[in-house]
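Undergrad: Quick one: this structure, given as C-alpha cells, is what I'll be asking you about.
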Amino acid sequence: MKKSVGVVGVVLAGAVAYGISSWYVGQRAQDYIETAIVEGNTRLGKVLGEELSTQPVKLSISRYDRGWLSSNIIYSLKFSGSGGEVTEFLLADTLHHGPFPWSAVRQGDLTPVLATSQATLMPSAGSQRWFDALGGRSPLSIASRIGFNGAGESDWHFEAVDFTTDAEAKVSFGGGHLKLTYAPDLAAIATQGDFPSFSARLPDDESFSLQALTFDKSYSFEGDQPAKIRFDIAQTLYTGSDNAKVRLDAFTLTGESSEQNGLFDGKARYEVQAVHSSDVNLGKLSAAFQVSRLDLKAFQALTGQYDAILAEQGLSDDDLADLDDRDVLRLREHLFELLKSKPSLALDPFVWDNGEGQSSLSATFDFVRPDFALIDAPSDELLMQAVGQVDVSASVSKSMVAKLYAQMMSGTEDAERANATARMLFDMYAGVLTRTGLAKYADGVLTSAIRYKDQRVVVNGTTYTIPEFLERLSLPDL
C-alpha cells in the first residue's frame, strides 16, 4: 500500500513539476515572442527582400491567451499601400510550452525547447477568396520550434489553390513550401522556398506562368556579413492576346547586399539560358547590376514624398503624378539629400550570345550633389551637374546580328539572303560610325568606349566638347 502511495506521489509530483515548469517556460516564451515582434518589425522588410521599399509591413499580436501548458495567439500582419490602403492577414497560433511540449512528447520527441507552435492563416479581407476557393480550409499552415537560446525554425506549407482576383484575372497557384531558420536573438535569418507552379490568365486573354520556382536567401543583422540570395525559375512563359509567346528557360538571379552607416551596397546577376520568341531561340542573356553608396533613408524619403503626391492627387501606383513647380521642389529637396552620398549605378555587363556571336554593354553612372543654388534650375542643367562621371562601353558582333536578322525574317525571306543583307547593312553602319570616330571596327566586331566628365566627352581616346559630340551623333543618311 505504501509503495502504491509512493508511486502515486511521484507521479503527482512529476505532474506538478511538469505543469509548473510549463507555466514558467510559457511566461518566458511570451516574453520572447513579444520582444521578437518589436525587434522583427524593424527587420521584417529586409527578410522579405524589401530593402528599398517604402511600403510598411507591420506584425503585431492581436490576442494572447496564455495557459499552463499552451497558449493561443492571434497575429496580425499588415501591408500598407502608397494610397493609404491597408491589407491585413491574421494567423491563429497554438503555442505549446516547453521544456517538453506535450505535442512533441506525444510524438516521442523529448528534446527540450522553449516552445513549439502550430499556426494557420485565418479568414480576413485579404485572404477570404483563398478560403472560399478551398471550401473553407486554410491555405497556409506553419509549424515552428523555438530553442531556449532563441534560435529556431519555421516550416510554412501553402495549399494549392485556384481563384479569381478583383480584376477578373484567373490565378492558379500550385502550393509550395517555405522554411525559415533563425539564429539566437534574430541575429541572422535564412529562408528557403520551393513553389512548383504559378499561372495567371487576364481578362484580355493574356497569360503568364512560372514553373519550378526556388529561392534561398540569408540575412545577417550583426557584423558585416552581406545578405545573399539565389532565385531560380525553370521556365517562364508569357502568351499575348494574339497568341504570340515569349519563353525564358532556366532563369537565375544571384545577388548580395550590405548596409553600413545607412549606405546600401548591392549587386545582382541575372541569367537566362534561352530566350524564345514564339518558336525562335534568340540565345542566352545575362546582366549584372550594381548600386553603391545609396543612402537608404534619403531614398525612402524621396519615394515616400512621391507617394504622398500621388495620394494627394487621388492616384494609384500605376499612375504618373502631374507635378507642378511646388511638387518638383519638394522632390528635389530629397534628391539633393540623396546625392550627398555620391551614389553610383552600374550595368556591368549586359551580354547577349546567340551561338553565332556575342554582344555586350557596360555602363557606370557616378552622381554628385550639385550646388544647392541650382535646386530650381532647369531639369537638363540640373542633370548635367548631378552626373559626375559616366562610362559606357559596347561591342556588337556582326555574326550575331546577321543570325538575329535572319531569324526575324524567316517567314518572309530566305535565310541565306537575309544573312547576307544583314552583313551588308552592318558593314555600312560600321563604316559610318568609324569615320565619325564613334566606334572602332575589327574582325567583325564593332566596339566603342565613351566617358563623360567635367563637361567633356572622351570617345575611344579622343576628347570632344558636348556640342561636338552631339554633332557626331547626327549620322548622315546612308
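Read-outs: derived from the displayed coordinates by stated rules, not from any lab. In this text the structure is predicted, and so the values were computed from the model without any measurement. Neighbour counts are summed over all protein chains in view; Cβ atoms, including those assigned to glycine, are modelled from backbone coordinates with ideal geometry.
Undergrad: From the phi of every residue in region 314-319, what ³J(HN,Hα) in whole Hz does the Karplus formula 6.51 cos²θ - 1.76 cosθ + 1.60 yield, where θ is phi - 60° and glycine or proline is x?
TA: Values per residue, Gly and Pro as x: x, 9, 9, 4, 7, 9 Hz.
Undergrad: Using the Karplus curve 6.51 cos²θ - 1.76 cosθ + 1.60 with θ = phi - 60°, what ³J(HN,Hα) values do you get for each residue of region 417-430, in whole Hz, with x for Gly and Pro?
TA: Using θ = phi - 60°, the values come out as 5, 5, 4, 5, 5, 5, 5, 5, 5, 4, 4, 5, 5, 4 Hz.
Undergrad: Further question: Pop a pseudo-label 7 angstrom from the Cα along the beta-carbon direction at both residue 319 and residue 474 and give the gap in nm to one decimal.
TA: For residue 319 paired with residue 474, the spin-label model returns 4.1 nm.
Undergrad: Beyond a 24 Å Cα-Cα separation, which of these cross-linked pairs lie in this structure: 267/340; 78/179; 78/297; 284/403; 179/284; 78/342?
TA: Too far apart for the 24 Å limit: 179/284; 78/342.
Undergrad: Roughly what % of Cα-Cα distances in region 110-263 sit above 26 Å, to the whole percent?
TA: Percent of Cα pairs beyond 26 Å in region 110-263: 45.
Undergrad: About the Cα centre, and with charges only on the beta carbon of Lys, Arg (+1) and Asp, Glu (-1), how big is the dipole of the chain? Nearest 20 debye, please.
TA: Roughly 1920 debye for the chain.
Undergrad: Would you report the distance distribution of C-alpha pairs in region 261-478 as whole percents per 5 angstrom bin, up to the bin with the largest distance?
TA: Distribution as computed: 1, 6, 10, 12, 13, 13, 13, 11, 10, 7, 3, 1, 0 percent.
Undergrad: Now for a different question. Taking the alpha-carbon set of the chain, what are its Rg and Dmax in Å?
TA: Cα radius of gyration and Dmax of the chain are 29.6, 114 Å respectively.
Undergrad: Could you give the length gained by full extension between residue 37 and residue 185, i.e. 0.36 nm per residue of separation minus their alpha carbon distance, to one decimal place?
TA: 52.2 nm
Undergrad: Now for a separate question. Determine which aspartates and glutamates satisfy two conditions relative to residue 398: a Cα distance under 17 Å, and not lying fewer than 8 residues away in the same chain.
TA: Within the straight-line cut-off, residue 398 pairs with 353, 356, 416, 427, 443.
Undergrad: Below 8 Å between Cα atoms, with a sequence gap of 6+, how large is the relative contact order for region 350-423 in percent?
TA: Here the relative contact order equals 32 percent.
Undergrad: Here's something else I'd like to know. Using unit Cβ charges (K, R positive; D, E negative) and no other charged atoms, how large, in debye to the nearest 20, is the dipole of region 261-478 about its Cα centre?
TA: So the dipole magnitude of region 261-478 works out to roughly 1020 debye.
Undergrad: Right, another one. Residue 427 to residue 243: FRET efficiency via 1/(1 + (r/R0)^6), r the Cβ-Cβ distance, R0 35 Å, to the nearest 0.05?
TA: Working from the Cβ atoms, E equals 0.40.
Undergrad: Between residue 115 and residues 5 or more places away or on another chain, which pairs have amide H atoms under 5 Å apart, with H built 1.01 Å from N, and which residues are they?
TA: Correct list: 98, 146.
Undergrad: Could you work out the relative contact order of region 205-288? I mean the mean sequence separation of Cα pairs under 8 Å and 6+ apart, divided by the number of residues, in percent.
TA: 23
Undergrad: Of 165, 225, 289, which is farthest along the charge dipole of the chain in the positive direction, counting Lys and Arg as +1 and Asp and Glu as -1 at C-beta?
TA: Of the candidates, 225 comes out farthest on the positive side.
Undergrad: For the chain, what is the calculated [θ] at 222 nm in deg cm²/dmol (nearest 500), taking -39500 (n - 2.57) for each run of four or more DSSP H residues and dividing by its residue count?
TA: Dividing the helical sum by the residues of the chain leaves -9000 deg cm²/dmol.
Undergrad: Another one. Relative contact order for region 143-217: what is it in percent, counting Cα pairs under 8 Å that are at least 6 residues apart?
TA: So the answer I get is 25 percent.
Undergrad: Cross-link candidates for residue 228: which aspartates and glutamates have Cα within less than 13 Å, leaving aside residues fewer than 8 places away along the same chain?
TA: 51, 216, 256, 259, 265
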